[in-house]
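Data block below; observations after.
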Amino acid sequence: MKKFIGLVAVAAFSSIMASSAMAGTWKQNNVGWWFDNGNGTYPASTWQWIDGNNDGIAECYYFDRAGYMLANSNTPDGYQVNASGAWVQNGAVQTKNLRANSQTTSSRPKLVLFDVEPTYRLFAHKEKNITVTDGETWTDTLNIYPGGIFEFSNEKGYTRLRAKVAPQYSQYSSGQNSCILIVYGDNGSVLYRSEEIVERETEPFDIDIDISGQSKIQFTCSSTDGANLVIKSARFE
């Protein structure tokens, strides 16, 4: 069957994340390998568990936006696939037991927010290295200025948001600047609101938020006196 690539097909499959293919066929053309789901559709811009030899054990593969399997490379969300396209960690292929409806090793890959583009940002940027809390240096962070917003899509259907939060350290401030972290879901619903975060006084802290059913997540920094907010290890799980 000829493979057609179009915006409609890509959009139709952009909402699938690490779904399981119970039936279907691997196919190859002069560009690469792709997977026919058996109903005229194929995965694109997503992970999918596939049991290619029907032994009840599936491997996880990533397909680019044109629907072709990535191999021997890193995926856009920062995970490694081997020469056969299967997701590996420390060289070990990750598998899922379809018959038992449970994974034999790890769960689907987390979505590291530093590695993806936000759907919207305002007075916010990514920072490779930044200093927080009296001199500690963090890497790969989301930095939000007062009134700033970082918005990320959750169209893949993740259920948890986890991250570490601290105020940005500045030797030129009074040390009493403060802010509040608010995390919004759909329709302006407040999923999380922190206590006041005070520069030089607030120790880094972890957040773990239920984002089930939310199609987007917004980080905001509510502040009137100039404190900046730093978020690291932010990920959807």
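The values are calculated or read from the model by the stated rules, or taken from the named source; none is laboratory data. If you're wondering where the values come from, they're calculated on a predicted model, not measured in any experiment. With ideal geometry, Cβ positions are generated from the backbone for all residues, glycine too; neighbour counts draw on all protein chains shown. When the accessible area is computed, the model is the full protein with side chains, heavy atoms only, and any ligands, DNA or RNA have been set aside. Shrake-Rupley method; radii C 1.70, N 1.55, O 1.52, S 1.80 Å.
Using amide H atoms built in the peptide plane, which far-off residues or other-chain residues are under 5 Å from Trp49 H to H?
The answer is Ser19, Ser20, Ala21, Tyr61.
Residue by residue, what Karplus-based ³J(HN,Hα) values in Hz, rounded to whole numbers, does region 62-77 have, using 6.51, -1.76 and 1.60 with θ = phi - 60° and x for Gly and Pro?
Here the 3J(HN,Hα) series is 10, 10, 6, 5, 8, x, 9, 5, 7, 9, 6, 7, 9, 7, x, 9 Hz.
Highest first, please rank the peptides 109-117, 90-98, 225-233 by the mean number of other Cβ atoms sitting within 10 Å of their residues. Mind showing how you got there, number by number?
Details: 109-117: 17.2, 90-98: 14.8, 225-233: 20.6.
Top to bottom by mean Cβ count within 10 Å: 225-233, 109-117, 90-98.
Just to confirm my numbers, what's the Cα centroid distance between region 43-94 and region 204-237 in Å?
Distance between centres, Cα-based: 29 Å.
What are the ³J(HN,Hα) values, in whole Hz, obtained from phi via the Karplus relation 6.51 cos²θ - 1.76 cosθ + 1.60 with θ = phi - 60°, for each residue of region 227-237 in sequence order, with x given for Gly and Pro?
6, 9, 10, 10, 10, 10, 6, 6, 7, 9, 10
Amide H neighbours of Ala227 under 5 Å, at least 5 residues apart or on other chains, H built in the peptide plane: list them.
Ser178
Find the relative contact order for region 141-237 and round it to a whole percent, using C-alpha pairs within less than 8 Å whose residues are 6+ positions apart. Please report the intermediate quantities before stating the final value.
Working: 246 pairs, mean separation 48.6, N = 97.
Answer for region 141-237 is 50 percent.
Sort Glu203, Glu195 from largest to smallest accessible area, using a 1.4 Å probe on the heavy atoms of the protein chains. Please list the in-between numbers first.
On the way: Glu203 125, Glu195 155 Å².
I get Glu195, Glu203, largest accessible area first.
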